[in-house]
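First comes the structure, then the notes that go with it.
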Amino acid sequence: MAYLGAMRPHDLLAPTPAGLACRPGGFHIDPLRPVDKALITHGHSDHARPGHGAVLATQETLDFMRLRYGDDFAGRTQAVRYGESLDIGGVTVSFHPAGHVLGSAQIRLARNGLTIVASGDYKDVADPTCAPFERVPCDVFITEATFGLPVFRHGDPHAETAKLVHSVAVFPERAHLVGVYSLGKAQRMIALLRQAGWDKPIWLHGALETITRYYAARMDLGELRPVREARKPELVGAIALCPPSALKDVWTRRFPEPVTAFASGWMRVRARARQRGVELPLVISDHADWDGLGATIASTGATEVWVTHGAEDALVHWCEARGLKARPLRLVGYGEEDETAGEGAAALAPDGGEAP
């Protein structure tokens, strides 16, 4: 191991009650509570919390935090470009694409011959709405394990999208409601539908509008319309996107005979789909699946792996079986993206997100 005799991993980065802390640099990565200086991997609410003294992140992540929490979400901010090298307290820091959502980053730390990469959330498959995952060689790789069990193999997102388009063709008199998370999944679903040839308007629940408008200013997502402006006849044969929680809300009553769908890696487990009352499960995830986790770990060249937020023990066992040193971090507070957190007035509207 290159870092032996130079610096031990836990001297550079260590789990604390506030999250991963770099004591030499005086900062935390995706801290769970307010800290003096936070480096944020991406804009999902379980990683990007308000109240820090200073936040360093990509410009997109800073923008998402501002949209969700307001202009005073942190004492001060600094935008970091992909590949830009910073010196923070003698620690060399850089951000690299994670392929999770727009602006998502892996954070690389280097000091005294030791390199650690904190992945945040990531996926290793193509996504037209964000920069592709970049392999970053390191000594220690900190990986998520959201889908860290062999049952989770996501398959082809284009084939899953084709199921949705086919269902609309089979049931042209019905509307199709697709549950999606507001940051990343909603916009990726729109892009996948456009790639599948769906050129009709796509309707949006109010809780998805703000962030989707941000994406649409940076890429072509076609015609998007707010559901609140629709007349019921316009929704015959339509595709509408909404937070997953809205699939069971009175909001759905405005649609003609709605077919409920949910785009998530969790839809690989059919029992989950049945529990949610989902008629059309779509296995589309913004996280790496079991094969993607293993391939990514191997590609980094890391000899030590730290596993967090997910099925930690299974992935630790997989690493150890391949001669890698591995440990679960047991950090509490990370998980699936909150469906409507921080969406401002839209999230608080009494009819499930349709703000006036």
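The values are calculated or read from the model by the stated rules, or taken from the named source; none is laboratory data. Note that this is a predicted model, so its numbers are computed, not measured. When we count neighbours, we look across all protein chains shown, and the Cβ atoms used for this are built from the backbone with ideal geometry, even at glycine. When the accessible area is computed, the model is the full protein with side chains, heavy atoms only, and any ligands, DNA or RNA have been set aside. Shrake-Rupley method; radii C 1.70, N 1.55, O 1.52, S 1.80 Å.
For segment 124-140, indicate whether the set of residues that are touching a Cys at 6+ places or on another chain (Cβ under 6 Å), open to solvent by less than 10 Å² (accessible area, probe 1.4 Å) and hydrophobic (A, V, I, L, M, F, W, C) is non-empty. So far as segment 124-140 goes, no, none of its residues is touching a Cys at 6+ places or on another chain (Cβ under 6 Å), open to solvent by less than 10 Å² (accessible area, probe 1.4 Å) and hydrophobic (A, V, I, L, M, F, W, C).
Listed here are the residues, each with its yes/no results for (1) over 15 Å from the mean Cα position of the chain (by Cα); (2) of a type in the set (Ser, Thr, Tyr).
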residue	(1), (2)
77	yes, yes
93	yes, no
128	no, no
144	no, no
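Has segment 61-69 got any residue that is surrounded by fewer than 24 Cβ atoms within 10 Å (Cβ to Cβ) and over 27 Å from residue 188 (Cβ atoms)? No: segment 61-69 contains no residue that is surrounded by fewer than 24 Cβ atoms within 10 Å (Cβ to Cβ) and over 27 Å from residue 188 (Cβ atoms). Would a scan of segment 28-42 turn up a residue that is within 18 Å of the chain's Cα centre (by Cα), within 17 Å of residue 106 (Cα to Cα) and surrounded by fewer than 17 Cβ atoms within 10 Å (Cβ to Cβ)? Checked segment 28-42: no residue is within 18 Å of the chain's Cα centre (by Cα), within 17 Å of residue 106 (Cα to Cα) and surrounded by fewer than 17 Cβ atoms within 10 Å (Cβ to Cβ).
State yes or no: is residue 86 open to solvent by 10 Å² or more (accessible area, probe 1.4 Å) and free of Cβ contacts under 8 Å to residues at least 60 places away in the same chain? Write out each step before concluding.
Values: open to solvent by 10 Å² or more (accessible area, probe 1.4 Å): yes; free of Cβ contacts under 8 Å to residues at least 60 places away in the same chain: yes.
When the stated conditions are applied, residue 86 passes them.
Scanning segment 266-279 for residues that are touching a helix residue (DSSP H, G or I) at 6+ places or on another chain (Cβ under 6 Å) and of a type in the set (A, V, I, L, M, F, W, C) yields a total of 3. The criterion of at least 3 residues that are under 30 Å from residue 135 (Cα atoms), without any contact (Cβ under 8 Å) to a residue 60 or more places away in the chain and of a type outside the set (Gly, Ala, Ser) is met by none of the strands (runs of 3 or more DSSP E) wholly inside segment 193-299.
On the stretch given as segment 240-259, residues that are over 22 Å from the mean Cα position of the chain (by Cα) and either open to solvent by less than 20 Å² (accessible area, probe 1.4 Å) or under 15 Å from residue 171 (Cα atoms) (or both) total 6.
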